[in-house]
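This report refers to the structure that appears directly beneath it.
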Amino acid sequence: SGRWAKALAILKDLEEKCATPTAKLRQVADAMTVEMHAGLASEGGSKLKMLISYVDNLPCGDEKGLFYALDLGGTNFRVMRVLLGGRESRVVKQEVEEVSIPPHLMVGTSNALFDFIAGALANFVATEDEDLRLPPGRQRELGFTFSFPVRQLSIASGTLIKWTKGFLIEDAVGEDVVGELTKAMERVGLDMRVSALVNDTVGTLAGGRYTNPDVIAAVILGTGTNAAYVERANAIPKWHGLLPKSGEMVINMEWGNFRSSHIPLTEYDQSLDAESLNPGEQIFEKIISGMYLGEIVRRVLCRMAEEAAFFGDTVPPKLKIPFILRTPDMSAMHHDTSSDLKVVGSKLKDILEIPNSSLNVRKIVVKLCDIVATRGARLSAAGILGILKKLGRDTLKDGEQQKSSIALDGGLFEHYTKFRNSMESSLKELLGDAYESVSVMQSNDGSGIGAALLAASHSQNL
Ligand code: ADP
Ligand code: MG
């Protein structure tokens, strides 16, 4: 019928506009490399902030003692206690607790958010076992993983540049987030010092290097997306400080804010962006990361419902609610292997209140998920190629056994198998023979351990 043809036309149009042939991915990677240079050359020189992390030494394995870590980045935050045993014993003990952030605190005031965090941290500290306790008189130390763009002033301080990923707390912008946390800890009577403030990418890089010396970069694919890597300090023209002894500096790229004319964008992406909390910003993030993939799918389905009566004569009201279709649900539909696509059927029914969907409708929904996830996965592979190119690690060098490992973390990468497979196979496609010198390493909660390790190496108690 005409309706069906119209729905298929919308689908085909989407597929064409989201296409990421190899040549296009190479252009995206090249653009990423160019922007990396520009962001390192001068402050504000690029959409890529290329933030200096003040981490000029990655963990070596000798780190020792009891340290806390706190990871704030998305809808949950994690508190962690790690006992580091040094070169032989490594991570002796690790305890983690996850706390979800009430949504109103994500758009409230700085004090309200940090009081909540400090309170949860204090509760966690109160559960310390006898064997995990510092000698009397020694202050507890914390590695604070804070996954928003921060202009670092030192390893343990930095001002918030902007919020992303659905957070918007205006009075915190421009403030030192360590100062905010420290004041909140004082308010709840918690005696603890922040020894390191790190982005989650930097924490993941540190945690990755601790287990694998070949790790040179880290990528987060979770609620948002970002990357960090190890740069030569003398390749950072905007850095006017002393050159670190190591000759290296970890750079937090803030690649979520990358954009390029080579990135395939659709009208769905444009309207998502325009209606977001941060219009015009985080464009790469908005087509790759977990916060947005399901929402893109919803927008296409909404269009199909409105213009092709895809779900019948009326548009299902639930389909009009932004962010109602979450990426984990999209992932579940995408992975549905049953012959009648019953997972798709039940997601449509349970989430969107669309009963009795036909098999053909369900097949199109799966195809839609595939188009949107594949584009995101392939673009994230292009981003990784951009980093490898910047480092001259995208080709095989004869006579040299240079291995490059990328530490990957985040719920999207961890749980969305088809996304992950597509990202890895795209990287292989892009690297050709050089793929044998590159490996992708999953680093589960590497950023928490990494922050604890960095707190240890910057400890005031040594
Ligand atoms: P954050 O990025 O907030 O620090 P995570 O790394 O745990 O936290 O990532 C959580 C994100 O991962 C979720 O917002 C969601 O988008 C994505 N995610 C979680 N589970 C799945 C899943 N089963 N399939 C697809 N995406 C998932
Ligand atoms: Mg995280």
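The values are calculated or read from the model by the stated rules, or taken from the named source; none is laboratory data. Note that the structure is predicted; figures quoted are calculated from it, not measured. Backbone-built Cβ (ideal geometry, glycine too); neighbour counts: all protein chains shown.
A few points about this structure:
- Within the range 406-418, residues that are free of Cβ contacts under 8 Å to residues at least 40 places away in the same chain sit with their Cβ atoms under 8 Å from residues that are more than 8 Å from ligand 1 (Cβ to nearest atom) and of a type in the set (S, T, N, Q), at 6+ positions apart or across chains, in these pairs: 414/442; 414/444.
- When the criteria are applied in full, residue 81 meets the requirement of being among the basic types (Lys, Arg), closer than 24 Å to residue 451 by Cα and buried (at least 21 other Cβ atoms within 10 Å of the Cβ).
- Filter result (in contact with a Lys or Arg (Cβ under 9 Å, 6 or more places away or on another chain), within 16 Å of ligand 2 (Cβ to nearest atom) and assigned to a helix (DSSP H, G or I)) within the range 404-444: 412, 413, 414
- Subset of the range 412-451 (residues that are under 30 Å from residue 79 (Cβ atoms), modelled with pLDDT of 95 or more and among the small types (Gly, Ala, Ser)): 450, 451
- Only one entry of 14, 48 meets the criterion of being crowded, with 22+ Cβ neighbours inside 10 Å, over 19 Å from the mean Cα position of the chain (by Cα) and under 30 Å from residue 432 (Cα atoms), and that entry is 14.
- Within the range 1-50, the set of residues being outside any helix (DSSP H, G or I) and within 28 Å of residue 297 (Cα to Cα) comprises 1, 18, 19, 20, 21, 47, 48.
- Of all residues in the range 332-372 being among the hydroxyl-bearing types (Ser, Thr, Tyr) and either within 16 Å of ligand 2 (Cβ to nearest atom) or surrounded by 14 or more Cβ atoms within 10 Å (Cβ to Cβ) (or both), the one that is farthest from residue 17 (Cα to Cα): 346
- The numbered conditions (1) buried (at least 22 other Cβ atoms within 10 Å of the Cβ); (2) within 15 Å of the chain's Cα centre (by Cα) are all true for residue 414 except (1).
- Among the residues listed as 133, 138, 209, 187, the single one being surrounded by 15 or more Cβ atoms within 10 Å (Cβ to Cβ) and among the charged types (D, E, K, R): 209
- Only residues that are of a type in the set (D, E, K, R) and either under 18 Å from residue 54 (Cα atoms) or touching a helix residue (DSSP H, G or I) at 6+ places or on another chain (Cβ under 8 Å) (or both) were counted in the range 194-215, giving 2.
- Flag for residue 202 being outside any strand (DSSP E or B), within 16 Å of ligand 2 (Cβ to nearest atom) and at pLDDT 95 or above: yes
- Within the option set 151, 133, being at pLDDT below 95 and of a type outside the set (A, V, I, L, M) holds for one residue only, 133.
- Of the residues making up the range 424-444, just one is crowded, with 20+ Cβ neighbours inside 10 Å, closer than 23 Å to residue 209 by Cβ and in contact (Cβ under 8 Å) with a residue 60 or more places away in the chain, namely 443.
- Hits in the range 292-331 - residues which are within 16 Å of ligand 1 (Cβ to nearest atom), of a type outside the set (D, E, K, R) and crowded, with 19+ Cβ neighbours inside 10 Å: 292, 293, 294, 296, 297, 325, 327, 330, 331
- Test: residue 447 is within 16 Å of ligand 2 (Cβ to nearest atom), in a helix (DSSP H, G or I), among the hydroxyl-bearing types (Ser, Thr, Tyr) and touching a residue at least 60 places away in the same chain (Cβ under 8 Å): yes
- Taking the range 152-167 as the range and being surrounded by 15 or more Cβ atoms within 10 Å (Cβ to Cβ) and either within 16 Å of ligand 2 (Cβ to nearest atom) or in contact (Cβ under 8 Å) with a residue 24 or more places away in the chain (or both) as the test, the residues that pass are 152, 155, 156, 157, 158, 161, 162, 163, 164, 165, 166, 167.
- Filtered residue count, the range 215-241, keeping only those that are of a type in the set (A, V, I, L, M, F, W, C) and within 16 Å of ligand 1 (Cβ to nearest atom): 6
- Residues (more than 12 Å from ligand 2 (Cβ to nearest atom) and either within 20 Å of the chain's Cα centre (by Cα) or assigned to a helix (DSSP H, G or I) (or both)) located in the range 208-218: 208, 209, 210, 211, 215, 216, 217
- Every residue from the range 245-278 that is farther than 24 Å from residue 368 by Cα and in contact with a Pro (Cβ under 9 Å, 6 or more places away or on another chain): 252, 254, 257
- Close pairs from the range 356-380: first basic (Lys, Arg), partner modelled with pLDDT of 95 or more and not in a helix (DSSP H, G or I), Cβ under 7 Å, at least 6 apart: 362/341; 363/341; 375/18; 375/20; 375/264; 378/20
- Complete set of residues in the range 274-303 that are of a type in the set (Phe, Trp, Tyr) and either farther than 16 Å from residue 321 by Cβ or part of a helix (DSSP H, G or I) (or both): 284
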